[in-house]
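J.: Before we start, here is the structure in question, set down as structure tokens.
The values are calculated or read from the model by the stated rules, or taken from the named source; none is laboratory data. Just so we're clear, the structure is a prediction, and the values are computed from it rather than from any experiment. A quick note on method: Cβ atoms are made from the backbone with ideal geometry, for glycine too, and the neighbour counts reach across all protein chains shown. Just so you know, the surface numbers come from the protein's heavy atoms only, side chains and all, with ligands and any DNA or RNA stripped out. Shrake-Rupley method; radii C 1.70, N 1.55, O 1.52, S 1.80 Å.
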Amino acid sequence: LELALTHSSGHGANQQRLEFLGDAVLGAAASASLFREHPDWSEGDMSVARTRMVCQDSLAACARQVALPELLRVSAAVARSGAVHERASVLADTIEALIGAVFVDGGYAAAEAATLQLLGPLLAEAGVIPEKDAKTRLQEWLHRRGWPLPTYRLLATEGPANALVFRAECSAGRPPRLAQGEGRSRRSAEQAAAAQVLAGLLGERERQTADGVRTDAGDGA
């Protein structure tokens, strides 16, 4: 426990080796829990949920809940330099080292139990299937119909360097439907454009159904 709570800023043995071990145990325990609790989830669903559970911010939040910042041992120089105890990266590393220490001391079963106790609230939040982004949902919608995949084109990049705005275009459907989107990155602009195209395609399908127009064979929601 003492080793797991010793920051690498000090001289001599510290938490880094236990952190390496704990990272692997955390991933395995979170994966096993999601596998057991959600038999209907796909590999992709479980992967996204696990990433959310063991990301730096999530682990740092767990560390604060159990008062690890107060127990962390750092060098005198680092202690004087500022709030290193509150840095998310430091707290996440300490949680990993703590799990690694439990594994060394008590084996995998004990380490898994400790992981599930620490990540309990995050496991509850993972009970909802992670929402897929607009580009993924649009691609799956088109794939189910055997239609070509969407294409994206960057139209413009505007604004000062510290506040760039990207504008992108998405084309998809039969006949092709075009839409534009804006965002602070190219990816977010493409996501916005994809959301517009998907909304248009879904709206068109609903109108066709209401009018009694026959949709494509195998058409699904």
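J.: Is there any pair with a first residue in the stretch 7-19 that is at negative phi and open to solvent by less than 40 Å² (accessible area, probe 1.4 Å) and a second that is among the basic types (K, R) and outside any loop (DSSP other than H, G, I, E, B) whose Cβ atoms are under 7 Å apart and which are 6 or more apart or on different chains, and what are they?
T.: Short answer, once both residue conditions are applied: H7/R73; G10/R73.
J.: Please specify each residue of the stretch 3-54 satisfying the condition of being among the acidic types (D, E) and modelled with pLDDT under 90. Let's see the steps before the verdict.
T.: Initially, the stretch 3-54 is screened for residues among the acidic types (D, E), giving 19, 23, 37, 40, 43, 45.
If the condition is that a residue be among the acidic types (D, E) and modelled with pLDDT under 90, then E37, D40, E43, D45 are the ones that fit.
J.: Also: Pairs please, first residue from the stretch 98-110 and under 18 Å from R73 (Cβ atoms) and acidic (D, E), second anywhere and surrounded by fewer than 22 Cβ atoms within 10 Å (Cβ to Cβ) and modelled with pLDDT under 95, Cβ atoms under 7 Å, 6+ apart in sequence or on different chains.
T.: Close Cβ pairs (under 7 Å, with a partner that is surrounded by fewer than 22 Cβ atoms within 10 Å (Cβ to Cβ) and modelled with pLDDT under 95) do not exist here.
J.: Still on this structure, I have one more. Would you check if S42 is without any contact (Cβ under 8 Å) to a residue 40 or more places away in the chain, of a type in the set (S, T, Y) and surrounded by 13 or more Cβ atoms within 10 Å (Cβ to Cβ)? Step through it out loud before you land on a result.
T.: Details: without any contact (Cβ under 8 Å) to a residue 40 or more places away in the chain: yes; of a type in the set (S, T, Y): yes; surrounded by 13 or more Cβ atoms within 10 Å (Cβ to Cβ): no.
Considered against the rule, which asks whether it is without any contact (Cβ under 8 Å) to a residue 40 or more places away in the chain, of a type in the set (S, T, Y) and surrounded by 13 or more Cβ atoms within 10 Å (Cβ to Cβ), S42 comes out as no.
J.: Moving on. When you look at S171, is it of a type in the set (G, A, S) and exposed (fewer than 13 other Cβ atoms within 10 Å of the Cβ), yes or no?
T.: When the stated conditions are applied, S171 does not pass them.
J.: Okay, moving on. Suppose we filter W141, W147 for residues that are among the aromatic types (F, W, Y), surrounded by 13 or more Cβ atoms within 10 Å (Cβ to Cβ), at pLDDT below 95 and in a helix (DSSP H, G or I); which single one remains? Before you say what the answer is, go through the steps one by one.
T.: On the way: W147 fails: in a helix (DSSP H, G or I).
On inspection, the qualifying residue turns out to be W141.
J.: Restricting attention to the stretch 87-132, and to residues there that are in a loop (DSSP other than H, G, I, E, B) and open to solvent by less than 20 Å² (accessible area, probe 1.4 Å), which single residue is modelled with the highest pLDDT?
T.: The initial filter retains those residues of the stretch 87-132 that are in a loop (DSSP other than H, G, I, E, B), namely 87, 107, 119, 126-132.
When the remaining residues are screened for being open to solvent by less than 20 Å² (accessible area, probe 1.4 Å), the result is 119, 126, 130.
Values: L119: 81, A126: 57, P130: 53.
My answer is L119.
Yes/no matrix, rows are residues, columns are (1) of a type in the set (D, E, K, R); (2) assigned to a helix (DSSP H, G or I):
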| site | (1), (2) |
| --- | --- |
| S33 | no, yes |
| R36 | yes, yes |
| D40 | yes, no |
| G44 | no, yes |
| S47 | no, yes |
| R50 | yes, yes |
| L59 | no, yes |
| C62 | no, yes |
| P69 | no, yes |
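J.: Related question: Exactly one of (1) in contact with a Pro (Cβ under 6 Å, 6 or more places away or on another chain); (2) open to solvent by less than 60 Å² (accessible area, probe 1.4 Å); (3) β-branched (V, I, T) is unmet by V48. Its number?
T.: Answer for V48: the failing condition is (2).
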